[in-house]
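The values are calculated or read from the model by the stated rules, or taken from the named source; none is laboratory data. Here the structure is a predicted model, which means the values were calculated and not measured. FYI the Cβ positions are ideal-geometry reconstructions off the backbone, even for glycines, and counts take in every protein chain you see. Calculation scope for accessible area: heavy atoms of the full protein, side chains included, ligands and nucleic acids excluded. Shrake-Rupley method; radii C 1.70, N 1.55, O 1.52, S 1.80 Å.
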Amino acid sequence: MRLIITGVAGFIGMHVAKRLLDRGDEVMGIDNLNDYYDVSLKEARLSCLLHYTAFRFFRIDISDSEAIYNIFQEYKPNKVIHLAAQVGVRYSVKNPLAFINSNLVGFINILEGCRNSLVEHLVYASSSSVYGGNTKLPFSEHDNVDHPVSLYAATKKSNELMAHSYSHLYGLPTTGLRFFTVYGPWGRPDMALFLFTKAILENRSIDVFNHGKMIRDFTYIDDIVEGVVRIFDRPATPQPGFDPANPDPAISFAPYRIFNIGNNRPVQLIEYIEALEDALGQKSIQTLLPIQPGDVLATEADISGLLEWVNFKPGTSVRDGIKKFVEWYRVFYITHDSE
């Protein structure tokens, strides 16, 4: 299997690429290695892949239409996993144009590449943030998501709509995956777990928004990877039960699907911090703050669709996942920095 993975130096991208390379697939990885966060971490992730003979890396920005066109034309991938995007709910408030260029212009370039190369399946990253102002829990793919509370969420919802149009117009099988708060080794430094760990170890205060009264469906990276790979192996198909008079957002008359990938066991932010304190063997100093613009109070994934389609249900507990993250963090940062 020959495939393209965009965002290959990213948190999820590196883990997914490694899993597919280990099973014998040929991976062409794309990433622009931008400086939204520490580039050296991205380079370190990339170094985990470069020793594979079936891996090739291309430093390309997905908003560069000519470069994306050329790589699709030259390598003719069988399938594509599109994970590259400008991320960060709060960052989208500060720098909206970065999200338009990457998440909208970049996505149409990927869709065009898939169309012109007759790709068999496009799997792409959406986000739990699309649920926005919804308060009915758990979040279901079958619910309406037309009330985003951040530009980031709006771009991800737009990706789902764009994908559907290509599935309908060109018969391109597309599957969007709404990830729920992914964490684990090699994670993003702008995420809470990274920020909290660094601050606690340095005896600095951590910012706890909404006084810790937020609930998240934290999902461990290995569970995300398992879900992505299983979905990747089963392309979307038209659903015979689709009713155009009462349209279901999760399915279609076109080869198009949407799935949540979450742990389905949400925890309060305070419990998450307590699990981290236990793993570190050190208490935190907390600064309690109000909720931030663009944040939502609670997330919880309905994963019945994922279970039915690929027979998979994430199972890593928050305590086990955080323990594994802390073990990695100590080796990568503390041991590495002391050498």
Principal-axis tilt of helix 269-280 within the chain, Cα atoms, nearest 10 degrees: 70 degrees
Using a simple charge model, +1 on the beta-carbon of Lys and Arg, -1 on the beta-carbon of Asp and Glu, nothing else, what dipole does segment 42-166 show about its Cα centre, in debye to the nearest 20? 340 debye
Give me the accessible area per residue for the chain, probe 1.4 Å, as a whole number in Å². 43 Å²
Model label zone, ARG319; criterion: amide N under 20 Å from point 7 Å along Cα-to-beta-carbon; scope segment 175-193: 183-185, 193
Over the chain, with every protein chain in place, what whole percent of the accessible area is carbon and sulfur at 1.4 Å, could you tell me? 53 percent
What is segment 40-144 by shape, rounded, prolate or oblate, if you read a ≥ b ≥ c off the alpha carbon gyration tensor as root eigenvalues and call it rounded for a/c under 1.5, prolate for a/b larger than b/c, and oblate otherwise? prolate
Among bridges DSSP assigns within segment 159-311, what percent are antiparallel (round to 5)? 10 percent
Can you list the HN-Hα couplings for segment 301-317, worked out from phi with the Karplus curve (6.51, -1.76, 1.60; θ = phi - 60°), rounded to whole Hz and with x for Gly and Pro? 9, 7, 10, 4, x, 4, 4, 5, 6, 10, 6, 9, 9, x, x, 7, 6
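Assuming R0 = 30 Å, can you tell me the calculated FRET efficiency for the pair LEU288 and ARG59, based on Cβ-Cβ distance, to the nearest 0.05?
0.10
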For every other residue with a beta carbon closer than 13 angstrom to the beta carbon of ILE60, add +1 if it is Lys or Arg and -1 if Asp or Glu, then tell me the sum. -3
For the chain, rounded, prolate or oblate, judged on the Cα gyration tensor with a ≥ b ≥ c (square roots of eigenvalues), a/c < 1.5 rounded, else prolate if a/b > b/c? oblate
For segment 203-244 and segment 59-126, distance of Cα centres in Å: 20 Å
Surrounding net charge for ASP207, when Lys and Arg each add one and Asp and Glu each subtract one, Cβ distance under 13 Å: +1
Helix 318-329 sits off the longest principal axis of the Cα atoms of the chain, rounded to the nearest 10 on a 0 to 90 degree scale, by 80 degrees
In terms of the charge dipole of segment 23-151, which places +1 on Lys and Arg and -1 on Asp and Glu at the beta carbon, the residue among ASN116, HIS82, ASN144 farthest towards the positive end is ASN144
When the helix-only estimate is applied to the chain (DSSP H runs of n ≥ 4, each -39,500 (n - 2.57), divided by the residue count), what is the mean residue ellipticity at 222 nm, nearest 500 deg cm²/dmol? -11000 deg cm²/dmol
Once normalised by the length of the chain, the mean sequence separation of its alpha carbon contacts under 8 Å that are 6 or more apart gives a contact order in percent of 18 percent
Does anything in segment 259-289 have its amide N under 13 Å from the 7 Å Cα→Cβ label point of TRP328, and if so which residues? none
In terms of the Cα gyration tensor, with a ≥ b ≥ c the square roots of its eigenvalues, is segment 102-241 rounded because a/c is under 1.5, prolate because a/b exceeds b/c, or oblate? prolate
Could you sort 207-217, 77-87 so that the peptide with the highest average Cβ count within 10 Å comes first and the rest follow in order? 77-87, 207-217
Could you list which residues have their amide H under 5 Å from that of PHE57, counting only those 5 or more apart in sequence or on another chain, with H placed in the peptide plane? GLY29
